[in-house]
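*Asks:* The structure under discussion is supplied below as structure tokens; questions concerning it will follow.
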Amino acid sequence: DIMYIAFTDEFLNPRIAEWEENKLVVKNSLYQIAGFLLVLLAAFTYLMLVIGRTAQKEQGVQLNAIDRLYNDIKIVMCFTLIAMWIGLMSELYHSEIPEPTFAFTLLIATTGLVLVLSLVKHLKNRTFMKHTLIYTVFHKLFKFIMDVYDSGSAGVKVVLIVIGYPLLVALTFFMFPITIGVAAWIALKKVKAFNAIKEGVKKVKSGDIHYAIDITGDGEFSQLASDINSITDGLNNAVENEIKSERLKTELITNVSHDIRTPLTSIITYVDLLKTETDQAKVKDYLEILDQKSQRLRILTEDLFEAAKASSGSMPVNFEKIDLESLITQGLGELDDKIQDRTLEFKISHPKEKVYIKADGKLLWRAIENLLANIFKYALEGSRVYVDIVDLGTEVTLIIKNISTYELNISSDELMERFKRGDESRSSQGSGLGLSIAKSLIEIQKGRFNIEIDGDLFKAIIHMRKVESN
């Protein structure tokens, strides 16, 4: 059987009119909602672009109190707010009062917007991951473990590795192949470092003291390699110093023998001549020569003992406040005859205000006198000698410069050695001990002494501790 149902126009027309009216309302509402969403999206985009920006770009992103909250906690809060809104909407959907729905939506949306914008600021600041609670906890835990590992002994490190690796595997069981691969790579790297150290020790043991073990990083093996390299460097320096010491001993014996034998041979020769000489004029000449040679031998012996005493540090030092300018001026005045004999012109430069140093006046002048004695012997006759006093704040520097008569065909280090003189000046009356004595005398007064050579320019530099004038 078929049943037909029909509605009258009086029944359908009002409902059709209501449908058309509601459709128009919904259509207009959809346009309004779309426009609102576009405005909301534009406003949100603008906020994301300008959030955290300051007038001074170099200051970076400006963070506020809300930004101190960890990012992962803010993400959890955002999802919690969404869940709360959905729950509230389901409860209030059938409510006859629409105001609570709007109020709750506005509150949740505002809170969520603040949290999202805070996350955006951390993205701009490149601290999104670093400012999470999970990262902070793991970072501090890792740092603590590494501090214990780095500060502990090898035994502590082994215990940490034995305990820590199984825990790491258990926590990252889903990444087991990667964990095993990383562990194997680290183990191979350590074995390679151990083999490098083993090979280096063998080379040093076989006599290659210049070999250096090359291991980068800051682990135990790197530190061990660095220590072995330091031992190698120390051994190398010791060998070089020993070779240099032996060379100096040989040269010292040779030079002492030469410098003592020369006047001694002359003395013996002229004594033999005096035994048979009857001419009084010649006898007088021989005696003068004997006197010169004996004085030469006496000076050489005294210089040798003074050099030994000064270098041993056994000389008593009486520190006092010394006016360096007055000491130089007075000393040059006493040596005026020698200056005139060599027709030297001294040029003294000093600060306007007096400078004082802490030194032993007698020992300091003896060192300067040795330098001046060198100048009187070896400086070019008629040349200028420059004496500069320089105030460096915490110390005072005395610089003495002169032009040598002979070419200085020797390095400054060699010239500082005992009995060393330039080849052209071997025939002079110097003992070759003056610079060595001066250096030792300055050093026992806690000063520094060095020389510089540039062609035939000789420069002696003395550094002494400064004392305030008041």
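*Asks:* Could you please find all residues in segment 340-351 being under 20 Å from Ile462 (Cβ atoms) and surrounded by 14 or more Cβ atoms within 10 Å (Cβ to Cβ)? Give the steps one after another, and end with the answer.
*Replies:* Residues of segment 340-351 under 20 Å from Ile462 (Cβ atoms): 344, 346-351.
Matches in segment 340-351: Leu344, Phe346, His350.
*Asks:* Return yes when Lys338 is in contact with a Phe, Trp or Tyr (Cβ under 6 Å, 6 or more places away or on another chain), in the same structural domain as Gly447 (by TED's automatic domain parsing), over 12 Å from Leu398 (Cβ atoms) and assigned to a strand (DSSP E or B) and no when it is not. Step through it out loud before you land on a result.
*Replies:* Working: in contact with a Phe, Trp or Tyr (Cβ under 6 Å, 6 or more places away or on another chain): yes; in the same structural domain as Gly447 (by TED's automatic domain parsing): yes; over 12 Å from Leu398 (Cβ atoms): yes; assigned to a strand (DSSP E or B): no.
No.
*Asks:* In segment 99-140, what count of residues is obtained for those that are over 24 Å from Asp67 (Cβ atoms) and either at pLDDT 75 or above or among the hydrophobic types (A, V, I, L, M, F, W, C) (or both)?
*Replies:* Here the count works out to 4.
*Asks:* Within segment 351-377, can you find the residues that are β-branched (Val, Ile, Thr) and not in a strand (DSSP E or B)?
*Replies:* Hits for segment 351-377 are Val355, Ile368, Ile375.
*Asks:* For Glu381, all conditions in the list (1) at pLDDT 90 or above; (2) outside any loop (DSSP other than H, G, I, E, B); (3) out of contact with any Asp or Glu (no Cβ under 8 Å at 6 or more places or on another chain) hold save one; what is the number of the exception?
*Replies:* It fails just one condition, (2).
*Asks:* Of everything in segment 422-470 that's part of a loop (DSSP other than H, G, I, E, B) and charged (D, E, K, R), which residue is modelled with the lowest pLDDT?
*Replies:* Arg426
The values are calculated or read from the model by the stated rules, or taken from the named source; none is laboratory data. For clarity, every value in this text was computed on a predicted model and none was experimentally measured. All Cβ positions, even for glycine, are placed from backbone atoms using ideal geometry, and neighbour counts span all protein chains on display.
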